[in-house]
Amino acid sequence: MSFRVDLAVVSEQKQFCRFGLTVHNLSDQDIHNWSLTFVIDRFISPDSVTNAALSQVGSFCTLEPNNTHLKANAHFYCEFSITTAPLRFYTDGIKDAFIQFNNSNARHPVVVTPIVLASPYKERTHITPVDAATLNIIPKPNQYEIYDGQYTLSNDSQITLQASGAEEAANWLQQELSSLFDFKMKPIGKGDILYRTNPTLDEGEYQLIVDRFGVRLEAGSASGFVHASATLLQALTRCAEPNQLTIPYLKIVDSPRFKYRGMMLDCSRHFHPVERVKRLINNLAHYKFNTFHWHLTDDEGWRIEIKAFPELTQVGSTRSVDSPLVPQFSTISEEYSGFYSQAEIKQVVAYAEQRGITIIPEIDVPGHCRAAIKSLPHLLVDDEDHSQYRSIQNYNDNVLSPALPGTYLFLDKVLEEVAELFPSKWVHIGADEVPSGVWEESQKCQALMQEHGYSDTKELQGHLLRYAEKKLRSLGKRMVGWEEAQHGDKVSKDTVIYSWLSEEAALKCAKQGFDVILQPGQYTYLDMAQDYAPEEPGVDWANVIPLEHAYRYEPLAELDDQDPIKKRVLGIQCALWCEIVNNQQRMDYMIFPRLTAIAEACWTQNTQRNWEDYLSRLKGHLSLLNKQGINYRSPWK
Ligand code: ACM
């Protein structure tokens, strides 16, 4: 260990923190002309830095000391300020660092010690111990009865299909029986597991009947058969005898509370390989989700191959110190890269479809576009735009210009290919977090505003989104977007609004006649830490979200159930933003078991939901997570 960096909070107020940073030269050599490069995801006020100059692009910071010499066994100290809420978690500290010196390009590793917090959380959430339930189904079926006796599946068991649209579900059941229980069955033929069409059942609804004759799964839709299979998988128990599974005699009559049950995954901040994405989609099928919202583009990486613009992935999918996109978040001394080819995307779409899951792609515009802009500067950069802005994630060059012809060419080509690749009727256009100050010092934007009589730059955002909406409509798609999509008041009521900052936008938009999806950060953001403990990975800008808090989410709870506004709520979605999620273990930890809690909010009628009852089912269900090697956060730590 030759170099070490320590970060400590020196003082802290509500929206202001002062930090001390110490760089130790633990080598036996003096160094000169040195600089420290490190990652922190909050914006350091550049003028607040003592003894050094600091530059920051996103989370990527370079510190150049005033005194360019650092002797062997000596240290350098500086202070700086950040005007945000106090830091509470170790993952809020420096995430990665390297040091360069002696005018060489070599990047030397630096040991980063855990941040010294001024006021770490001290409380711990306590979850009462419970006994496992007898039937551990999550989300809880809306109507069921259990009878005396049980049916045994064995070597003789076999699936019979008396249904159209059940084949994928039956194949999935077989695959999962094999991987979860090591239970092998004869190929589909004539046997005791019957998939049967029941035309009285609507989309997603199913019945599962187990009696002495066997197992019967009934549905009127492909998704209903998948949900029936998911329930069956959770109701089975392995016997001591080889290749035998038992299930109690029962009758389940079940239907979803919400039509839309989704999860969003950010694949831009960190890239998640196809196998990881598929694993998640498979998990979603187990909990009767029906939508996977794939966040494919953002400032820090463009992850979808677009044949019209190969630059988007040639340039926009790679971060490194020598690239237009500098490193962010982790592994900063190496190149970091990844994207999905169109062939891979088709594969994932088919995989999801087999599991009753629709994939909604998101192309986030006009903000969060840094990767696209750096890839296609000839189309997307307005050299005469001198506007000053800084996005939430600390970029001053990440917004498309509504006044450039290149922007529309880019939108046309990208949306055409996206519409072709994804069978989903919905395409998500982003629209979140366009920073204030943008477009104000652009002559072209000002001229566009004059031409259309706009008085507020927000109308330029609406202008661009209205264009995207029309384009998508011409491609047979419905535009959906974050709550800011209705800023500037230009998109039609056909646009579905996803509220995320709170529920307020959903309520406001629903009152105006928009359909809404609820994804409030306070309950459904899985990147929020799961407890008030500094060692919990995660952030807390929206909330700390312990399991019980996630479980108790009830959309627009203050409204009466009969309030017609509630009809506008199509469903609920949870989301995993991935600034600090760059491997399977961490991903599992942030998602599980909170995903199962949100699943219940999505599926189970409120009158059927009960925290203690859920906990006892979760307790019995953990063995299924164990079988899959899922690194969940244990509720009973
Ligand atoms: C978001 O969290 N920016 C949608």
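The values are calculated or read from the model by the stated rules, or taken from the named source; none is laboratory data. What you see is a predicted model; the values in this text were computed from it and never measured. With ideal geometry, Cβ positions are generated from the backbone for all residues, glycine too; neighbour counts draw on all protein chains shown. For accessibility, only protein heavy atoms count, side chains too; no ligands or nucleic acids. Shrake-Rupley method; radii C 1.70, N 1.55, O 1.52, S 1.80 Å.
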So residue 329, is it buried (at least 18 other Cβ atoms within 10 Å of the Cβ) and in contact with a His (Cβ under 8 Å, 6 or more places away or on another chain): yes
Subset of region 281-329 [under 22 Å from the mean Cα position of the chain (by Cα) and farther than 18 Å from residue 271 by Cα]: 282, 283, 284, 285, 286, 287, 288, 289, 290, 291
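For (1) under 20 Å from residue 598 (Cα atoms); (2) within 16 Å of the ligand (Cβ to nearest atom), each residue gets a yes or a no:
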position	(1), (2)
511	no, no
521	yes, yes
545	yes, yes
571	yes, no
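Which fully enclosed helices (runs of 4 or more DSSP H) of region 497-610 have 3 or more residues being farther than 24 Å from residue 269 by Cα and open to solvent by 30 Å² or more (accessible area, probe 1.4 Å)?
Details: elements: 504-512, 521-524, 547-551, 584-591, 594-603.
Per the criteria, 504-512.
For (1) under 26 Å from residue 625 (Cβ atoms); (2) buried (at least 18 other Cβ atoms within 10 Å of the Cβ); (3) out of contact with any Lys or Arg (no Cβ under 6 Å at 6 or more places or on another chain); (4) not aromatic (Phe, Trp, Tyr), each residue gets a yes or a no:
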{"residue": "77", "(1), (2), (3), (4)": "no, no, yes, no"}
{"residue": "111", "(1), (2), (3), (4)": "no, no, no, yes"}
{"residue": "152", "(1), (2), (3), (4)": "yes, no, yes, yes"}
{"residue": "165", "(1), (2), (3), (4)": "no, no, yes, yes"}
Test: residue in region 549-565 that is touching a residue at least 24 places away in the same chain (Cβ under 8 Å), touching a helix residue (DSSP H, G or I) at 6+ places or on another chain (Cβ under 9 Å) and within 16 Å of the ligand (Cβ to nearest atom): no
Output for region 200-240, where each listed residue is under 29 Å from the mean Cα position of the chain (by Cα), within 16 Å of residue 135 (Cβ to Cβ) and open to solvent by 10 Å² or more (accessible area, probe 1.4 Å): 234
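Under 15 Å from residue 444 (Cα atoms) and of a type in the set (A, V, I, L, M, F, W, C) - does that describe any residue in region 382-398? Don't jump to the end; show me each part of the working.
Here is the first cut: in region 382-398, the residues under 15 Å from residue 444 (Cα atoms) are 382-387.
So of that shortlist, the ones also of a type in the set (A, V, I, L, M, F, W, C) come out as none.
No, the conditions are met nowhere in region 382-398.
Condition first: closer than 17 Å to residue 369 by Cβ and surrounded by fewer than 24 Cβ atoms within 10 Å (Cβ to Cβ). Now tell me which residues in region 304-313 satisfy that. Full working, then the answer.
Going through region 304-313, the residues closer than 17 Å to residue 369 by Cβ turn out to be 304, 306, 308-309, 311-313.
Scanning region 304-313 gives 308, 309, 311, 313.
When you scan region 1-102 for strands (runs of 3 or more DSSP E) that lie fully inside it, which ones turn up with 1 or more residues that are acidic (Asp, Glu)? First the steps, then the outcome.
On the way: elements: 3-13, 16-25, 35-39, 52-57, 60-65, 75-82, 97-100.
Because the criterion is at least 1 residues that are acidic (Asp, Glu), the strands (runs of 3 or more DSSP E) in region 1-102 that meet it are 3-13, 60-65, 75-82.
Here is a yes/no grid of residues against (1) buried (at least 24 other Cβ atoms within 10 Å of the Cβ); (2) among the aromatic types (Phe, Trp, Tyr):
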{"site": "253", "(1), (2)": "no, no"}
{"site": "258", "(1), (2)": "no, yes"}
{"site": "261", "(1), (2)": "yes, no"}
{"site": "276", "(1), (2)": "no, no"}
{"site": "285", "(1), (2)": "yes, no"}
{"site": "289", "(1), (2)": "yes, yes"}
{"site": "294", "(1), (2)": "yes, yes"}
{"site": "299", "(1), (2)": "yes, no"}
Answer residue from region 167-199, given it is within 19 Å of residue 237 (Cα to Cα) and hydroxyl-bearing (Ser, Thr, Tyr) and is farthest from the chain's Cα centre (by Cα) among those: 178
